[in-house]
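Participant: Quick one: the structure is below, and I'll ask about it shortly.
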Amino acid sequence: MNSLLFLIPAALLLGGLGLCAFLWAVRDGQFEDLEGSATRILYEDETPLPKRHT
Amino acid sequence: MPLDSVTTHCRHCGQPLLGAATERGAFCCQGCAGAYTLIHDLGLDAYYDRRPLDAAAPAATVEEGEGADPLLGLPEAVATAPDGTCLLRLSVDGLHCGACLWLIEAAVTKHHPEVQSARANLTTRCLTLRWTGAPAKAVEYARLVTGLGYRVAPFGAGGTAAVADPAAAQERALLRRMALAGFAAANVMLLSVSVWSGADAMGDATRTLLHWVSALIALPTVAIAGQPFFQSALAALRAGRTNMDVPISVGVLLTTGMSLVMTAHHGEHAYFDGAVMLLFFLLVGRYLDSRSRGRARSAAAHLLALNQAPVTVLGADGLPQILPPARVPLGATVLVAAGERIGVDGTVAEGVSDLDASLVTGETLPLAVAPGAQVFAGMINRTAPLRLTATASGEGTLLAEMVRLLEAAEQGRARHVLLADRIARAYTPVVHLTALATFLAWVFLGGAAWYQALLIAVSVLIITCPCALALAVPAVQVTASGRLMRQGILLKSASALERLAPVDTVVFDKTGTLTLGRPDLLPDPTLTAAELELAATLARASRHPLSRALARAAGPGPVADGVVEVPGGGLRWQGPDGFVRLGSRGFCGVSDAGEGQAGSERPGPELWLARCGHPPRRLRFADRPRRDAAAVVAGLKAQGYRVELLSGDRAVTAQALAADVGIDIVRADARPADKCAHLAALRAQGRRVLMVGDGLNDAAALAAADVSLSPASAVDVTQTAADVVFQGDGLAAVAETLAVARRARTLVRQNLGFTLLYNLCAVPVAIAGLATPFVAAAAMSGSSLAVMANALRLGGKKPRDGGH
């Protein structure tokens, strides 16, 4: 059972890291506009799409 | 976009080409051509490739009002940071896809290096701009966005445009609490599962260690994540009421406290997992609830913000000045441009024009005004610029009087108690009495030691902690409001769904609700094509609603050159065959007795066409019902609703329309107070009334009904009064809202029934003293998940039939 002594802190540490990352994301406003983010990744800011030949 | 659609559809907005498209290239209107040029000049043509095929660009409209440009008020809404950075948040109407975001952001940043960031938000339809320089630049940026075809207004209805929304901050706090509770629930459960699975093999010391670690995680979580519930419960208890948060708080605190005592005494059972998991589930429900409600609210506020326009006041120095309507001094001279909404009550000092008074009086006929005439805030100036002398502004206007009537009506509406709160009122005492009875029974009948009996009593409280019960209603509301929102129906009030379900009477207003609120040319077999074409040639030069109706009816064609618009009269044109006049009876020189046919027919707006050598011709118009009005009314009647028409218009007009759409019960000539009285009478008969209306004259009636709907085209006061606001041209939203409300009620009842069943099964187990932490955790999460899954059934389905 001695393994528990470092396994539990390790589990908590990893979970805590995830929690911190999530809280940071919330603070950073990454959950403000889920729909917008979903479509934004489709566009490259600097290189416009090649023109379609019509 | 394929080539063929380029030639038949507008290159910018994708609408089929009508009108004088040939002169403008492949654009439906000047606005779209301008937007296309702007996009092209900025080098952003990729927009047309990027936007989804089904979502066209917003049709750009040219704003011709020379008077108060609403954008001029923008610099006031700019917040300036100490370091000289300006911040502006704008509501952007017409934002609907990722390409729009990209276009707007790219357009604003392209040639403006001083713009630090431009970030558009698709969810809140808000554009946040940061730049260094003068706040007055805001107008330039806003013009750019309006040039692309979007409508903008300062974000948030009040003057607090730049300040973050408190509701949004609260939502974020809720999300953080939810994350914490989720983290804790997962980790505590990890430890609990090992305790359960190793129950026999595990030594006391190990178990206690695991319990202590659980306590270490659970205690701060309960303290932080439980706050919203504790605060709400305290507030309710202070007010002498109970709500759902009271049993929740009692349950969570008792569970945690008892587990702590158990842990300290090396006990076998600790319920930390149950407590944090309960909090996690509840916070999930509450977060979803707040999110959907907040979005509906912000969408409604967004619609309102677009309609708020400042007023141009002519100052003492002769210079025009832009003021909010409420700050216009009495006696001031107010300029009202053609096409602009009047912001104050007043008398006409100078100018002759036609006013669209439909929002104030319910009349469809444009009202001709001349100097001396009384006008009211909310009317729309149609043909020519006017100068008004303000006689009332702010609180003194007819509009404000309507608002007071509305408030009085709202106070009269019996306070609707939410179903969940009603249940909590009955539930709390029953549960607590059961726990007490369990304790007494174990001590006196069972002969147990008092602390053992206390433990069993507490476990009864834990297992009855209304997790599923608290989720039963919000889970359904979230899915219902989400489903309605996708169809452009915004639920503004939390209790609207519950009040909609028992409705048995639907009362419609006429103008703007059953009808589109705009006139259309009535077919007339005696009218020759040549006459119609001639009239339309003149009419295309004018923005008067009747002219537009005429142009719509005639279809595309040439526009006459040199048409003179005589305000309050009509159009005059020097044609090849002499003067042609198109306008009112008096303007065209037709005497009142000239044509005897008038009396017997349906009255309505009319135009006369007068030419040399021809008898004058009459063109008649009527406000057409919405395209699906008859179908929706028939559908509602088939479902057993009583459908009524309640109109401020004249009886003949109202009855004619009622016959068109199939409504049998008509009340016309109703003033706002009459409308309220009629609704009160209906409610006194025991009917549950849904009022659908859009006019200022309906606002009080909307508040007097049990529940109310209003189209998004309605005036702002009316939208504020309504519980539900729907967007779009059709009335199908009315049927859909009622259908969803009824379905939601069924699901809520199923959920409540299930929860009750669960409690009936679980409570005897707890009373018998058999509720181990494992049983409690399994029962609690199982019932919560079942309730949520049941609620999701509402959202997944396609709109049944009423959608389109």
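Just so you know, all these numbers are worked out from the coordinates, no wet-lab data involved. Owing to the predicted nature of the structure, the values given are computational and were not obtained by experimental measurement. Glycine gets a Cβ as well: all are built from the backbone with ideal geometry, and neighbour counts include every protein chain shown.
Participant: Grab the beta carbon distance between B:ALA673 and B:ARG422, set R0 = 45 Å, and tell me the FRET efficiency rounded to 0.05. Display every interim value, and only then the final one.
Facilitator: Numbers: r = 33 Å, r/R0 = 0.73.
Step by step, r from the Cβ atoms, then E = 0.85.
Participant: So, one more: Report the Cα centroid-to-centroid distance between the stretch B:660-679 and the stretch B:331-355 in angstrom, as an integer.
Facilitator: 31
Participant: Round to the nearest 0.05 the FRET efficiency obtained for B:THR347 and B:GLN727 when R0 = 41 Å and r is the Cβ-Cβ distance. Write out the running numbers ahead of the final one.
Facilitator: Working: r = 36 Å, r/R0 = 0.88.
The formula returns an efficiency of 0.70 here.
Participant: Another question, then. Please rank B:GLU105, A:GLU35, fewest neighbouring Cβ atoms within 10 Å first, as an exposure proxy.
Facilitator: Values: B:GLU105 20, A:GLU35 14.
Ordered by Cβ neighbours within 10 Å, fewest first: A:GLU35, B:GLU105.
Participant: Of the options A:LEU34, A:LEU23, A:PRO9, report the single residue whose Cα projects farthest towards the positive end of the charge dipole of the stretch A:2-46 (beta-carbon charges: Lys, Arg +1; Asp, Glu -1).
Facilitator: A:PRO9
Participant: Counting partner chain Cβ atoms within 10 Å of every residue's Cβ in A:26-32, what's the average? Numbers along the way, then the final one.
Facilitator: Numbers: counts 7, 2, 0, 5, 0, 5, 10.
Mean inter-chain Cβ contacts per residue within 10 Å come to 4.
Participant: Let me ask you something else. To the nearest whole number, what is the average tally of beta carbon atoms from other chains within 10 Å of the beta carbons of peptide B:275-284? Walk me through the intermediate numbers first.
Facilitator: On the way: counts 0, 0, 0, 0, 0, 0, 0, 0, 0, 0.
Other-chain Cβ atoms within 10 Å of each residue's Cβ, averaged: 0.
Participant: Sorted from fewest to most neighbouring beta carbons within 10 Å, what does the list B:LEU582, A:LEU12, B:LEU461, A:LEU4 look like?
Facilitator: Values: B:LEU582 33, A:LEU12 18, B:LEU461 22, A:LEU4 15.
In increasing order of surrounding Cβ atoms, one gets A:LEU4, A:LEU12, B:LEU461, B:LEU582.
Participant: Suppose the chain between B:ALA169 and B:LEU757 were pulled fully straight at 0.36 nm per residue; how much longer would it get relative to their current alpha carbon spacing? Working shown, then result.
Facilitator: On the way: separation 588, 0.36 × 588 = 211.68 nm, distance 3.79 nm.
Here the answer is 207.9 nm.
Participant: Further question on the same structure: Compare the peptides B:652-660, B:520-528, B:570-578 by average per-residue count of other Cβ atoms within 10 angstrom and give them in order, highest first. Could you put the intermediate results ahead of the total?
Facilitator: Numbers: B:652-660: 18.8, B:520-528: 13.4, B:570-578: 16.0.
Ranking, from highest mean packing down: B:652-660, B:570-578, B:520-528.
Participant: If you don't mind, there's one more thing I want to ask. Provide B:VAL725, B:VAL763 in ascending order of the number of other Cβ atoms located within 10 Å of each residue's Cβ, fewest first.
Facilitator: Numbers: B:VAL725 27, B:VAL763 18.
Ranking B:VAL725, B:VAL763 by Cβ neighbours within 10 Å, fewest first, gives B:VAL763, B:VAL725.
Participant: Moving to a separate point now. Place a label point 7 angstrom from the Cα of A:TRP24 along the Cα-to-Cβ direction, then list the residues of the stretch B:187-215 whose backbone nitrogen is under 11 Å away.
Facilitator: none
Participant: Hey, got the average number of other protein chain Cβ atoms within 10 angstrom for residues in B:175-187?
Facilitator: Details: counts 5, 5, 0, 2, 8, 3, 0, 4, 8, 2, 0, 4, 7.
Shielding by partners across B:175-187 averages 4.
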